[in-house]
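Q: Would you mind keeping the following structure in view while I ask a few things?
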Amino acid sequence: MSEKRKAELHQLLPVEASLQGLAKNIITEAVSTFGKRERFTGGTKRLTMFDESRKAEEVIEVLDITTTVADKLEYVEDQVVRYWDAFVQKERTNQDARADIIVDDVVIANDVPATALLGLENKLKEVRALFLATPTLAPGITWEKTDIPDVYENPNKEERMKTEKTVQFKEVAKATDKHPAQVEKWTADVPVGKYTTTALSSSLPVGKKSELLGRIDTLLQAVITARMAANSTEVVHVEIGKALFNFIHGRA
């Protein structure tokens, strides 16, 4: 007969989570029940007649106890022990659950714990969102590298004239011996200089951004693969729940 296949960590994780919820609900219900003290009390009520001729009227009323505190504690203990054992098995197995992060047969990191790999998935997703938000060079414009690292310029410079308002005069009628010369005055914008604008940008080239996102996606997939491998570690069988409750109750 073949040996029974042992459970793997990824199989234990949902079981432990389910047992955790069950144990929590059972403890909550038990605490509520303990608040209803009438469920744990009972007794007898006897009527004894002084007149011998009325003995037939004597009666005994019995109020049964629904359950005992000890029984309730025992029921809760059975459920909690299952959860505690699963919890400790998960934590103990996590000590052995490790895997390498590998990309194209290159080991990026050795023996990373399964719990850390799970955390890295979320952290890499956060970093991906960061890189996805990075601005890229405006399309439809020629960009060339400059001497400044990671800064680009548009070689097509924009030129614009600088003007100043100047008052100008023009003689429209010459002076005579009877009338002074007639002069027309007006204001004109006269070019006095030239603005030359060079557009600079430190945004990422579109191709570079795509490359970075691709590498993050590759690394993220490698982390997921490593986590799945680590979670295939066989569960280390540990039972401590009963021993803990034995101490609580002072049982040998």
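The values are calculated or read from the model by the stated rules, or taken from the named source; none is laboratory data. Note that the coordinates shown come from a computational prediction; the quantities given were computed from them, not determined experimentally. FYI the Cβ positions are ideal-geometry reconstructions off the backbone, even for glycines, and counts take in every protein chain you see.
Q: Give me the residue from segment 78-97 that is among the charged types (D, E, K, R) and surrounded by 18 or more Cβ atoms within 10 Å (Cβ to Cβ) and, out of that set, nearest to Gly42 (Cα to Cα).
A: Checking each candidate, the answer is Asp85.
Q: Let me ask something else. Out of all the residues in segment 218-252, which are surrounded by 13 or more Cβ atoms within 10 Å (Cβ to Cβ) and over 28 Å from Ala99 (Cα atoms)?
A: Matches in segment 218-252: Gly241, Lys242, Leu244, Phe245.
One line per residue, one yes/no per condition, for (1) modelled with pLDDT under 90; (2) among the small types (Gly, Ala, Ser):
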{"residue": "Glu16", "(1), (2)": "no, no"}
{"residue": "Gly43", "(1), (2)": "yes, yes"}
{"residue": "Thr48", "(1), (2)": "yes, no"}
{"residue": "Ile65", "(1), (2)": "yes, no"}
{"residue": "Thr68", "(1), (2)": "yes, no"}
{"residue": "Val76", "(1), (2)": "no, no"}
{"residue": "Val88", "(1), (2)": "no, no"}
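Q: Return only the number of the condition from (1) in contact with an Asp or Glu (Cβ under 9 Å, 6 or more places away or on another chain); (2) within 30 Å of Lys125 (Cβ to Cβ) that Glu184 does not satisfy.
A: Of (1) in contact with an Asp or Glu (Cβ under 9 Å, 6 or more places away or on another chain); (2) within 30 Å of Lys125 (Cβ to Cβ), only one is false for Glu184: (2).
Q: Then there's this: Could you tell me whether Ala70 is among the aliphatic types (A, V, I, L, M) and exposed (fewer than 12 other Cβ atoms within 10 Å of the Cβ)?
A: yes
To keep it simple, each residue is scored yes or no on (1) closer than 30 Å to Thr233 by Cα; (2) among the β-branched types (Val, Ile, Thr).
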site	(1), (2)
Glu16	yes, no
Ala23	yes, no
Ile26	no, yes
Thr33	no, yes
Glu52	no, no
Glu57	no, no
Thr66	no, yes
Val69	no, yes
Asp85	yes, no
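Q: May I pose another question? Can you tell me how many residues in segment 41-95 are assigned to a strand (DSSP E or B) and not hydrophobic (A, V, I, L, M, F, W, C)?
A: Of the residues in segment 41-95, 5 are assigned to a strand (DSSP E or B) and not hydrophobic (A, V, I, L, M, F, W, C).
Q: Turning to a different aspect of this structure: Of the residues Glu16, Glu29, Glu8, Glu77, which single one is farther than 30 Å from Arg227 by Cα, under 46 Å from the mean Cα position of the chain (by Cα) and touching a residue at least 60 places away in the same chain (Cβ under 8 Å)?
A: That would be Glu77, the only listed residue that is farther than 30 Å from Arg227 by Cα, under 46 Å from the mean Cα position of the chain (by Cα) and touching a residue at least 60 places away in the same chain (Cβ under 8 Å).
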